[in-house]
Amino acid sequence: MSQRTLAKPNKFIHFVVGFFVTCSFLWGGVLLAVGINGASAGRIFIALALLVAAWLCARAQRGSWSLNGFGTSFYGEIDSPYGTVHTKWLSIFFVPVVPVRSYYLFETSDVETTPDEHKATYRQARFPGFGLYWPSVEKSLVWTVIGGFALILVYWLFGIVPGTGSG
């Protein structure tokens, strides 16, 4: 693991890449959902191409960016032998869907802004190899599945069943 200093990213480029990741992931998912229900093979190909483009751009993107829960977010913070690791995910409504890359997380400063608030600054280093730390990915998936079951249970307990007109 190298301890290199990352250059500060240009905010406009960060926004453009993040916005592209968000839009291509969103529209790729919409086209794929529509395509599965009987649309042409061309539409399915375009949807898969958009999803792959979103994943590749998210791997190159520094940090994370999302718009109303669509985009990239970090989940699955876990301790490893070399430090804290978290994984960047493509997310829909803040729910992790596709893992992109894992990062080592190093706290560089912790400033007390008020007696109740701290502002921490972190430095990240990409995980070597393919870039995924599987214990972090597993932790995110487990919590996503638990959250999904909890949501289904709440819907079931309160009688809110989609398509029945109740609720």
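The values are calculated or read from the model by the stated rules, or taken from the named source; none is laboratory data. Computed from a predicted model, the values in this text were never measured in an experiment. With ideal geometry, Cβ positions are generated from the backbone for all residues, glycine too; neighbour counts draw on all protein chains shown.
Structure data summary
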item: Residue among 106, 94, 130 that is farther than 22 Å from residue 52 by Cβ, over 12 Å from the mean Cα position of the chain (by Cα) and aromatic (Phe, Trp, Tyr); result: 106
item: Any chance residue 123 is surrounded by 14 or more Cβ atoms within 10 Å (Cβ to Cβ), over 24 Å from residue 22 (Cβ atoms), out of contact with any Leu (no Cβ under 6 Å at 6 or more places or on another chain) and of a type in the set (D, E, K, R); result: yes
item: Cross-chain or 6+ apart pairs with Cβ under 7 Å, region 82-110 first and of a type in the set (Asp, Glu), then surrounded by fewer than 22 Cβ atoms within 10 Å (Cβ to Cβ); result: 107/120; 107/122; 110/118; 110/120
item: Residue match in region 139-148 (condition: surrounded by 11 or more Cβ atoms within 10 Å (Cβ to Cβ) and within 11 Å of the chain's Cα centre (by Cα)); result: yes
item: Selected residue (only one of 62, 101, 43 is surrounded by 14 or more Cβ atoms within 10 Å (Cβ to Cβ) and modelled with pLDDT of 85 or more); result: 101
item: Residue satisfying condition, being exposed (fewer than 10 other Cβ atoms within 10 Å of the Cβ), within 29 Å of residue 51 (Cβ to Cβ) and at pLDDT below 80, within set 163, 159; result: 163
item: Hits in region 65-79 - residues which are surrounded by fewer than 15 Cβ atoms within 10 Å (Cβ to Cβ) and modelled with pLDDT under 85; result: 67, 68, 69
item: Pairs where the first residue, in region 128-157, is closer than 11 Å to residue 86 by Cα and touching a residue at least 40 places away in the same chain (Cβ under 8 Å) and the second is among the aliphatic types (A, V, I, L, M) and not in a helix (DSSP H, G or I), C-beta under 7 Å, 6+ apart; result: 133/85; 135/78; 136/78; 136/85; 139/78
item: Count - residues of region 115-127 that are over 16 Å from residue 60 (Cβ atoms) and in contact (Cβ under 8 Å) with a residue 12 or more places away in the chain; result: 4
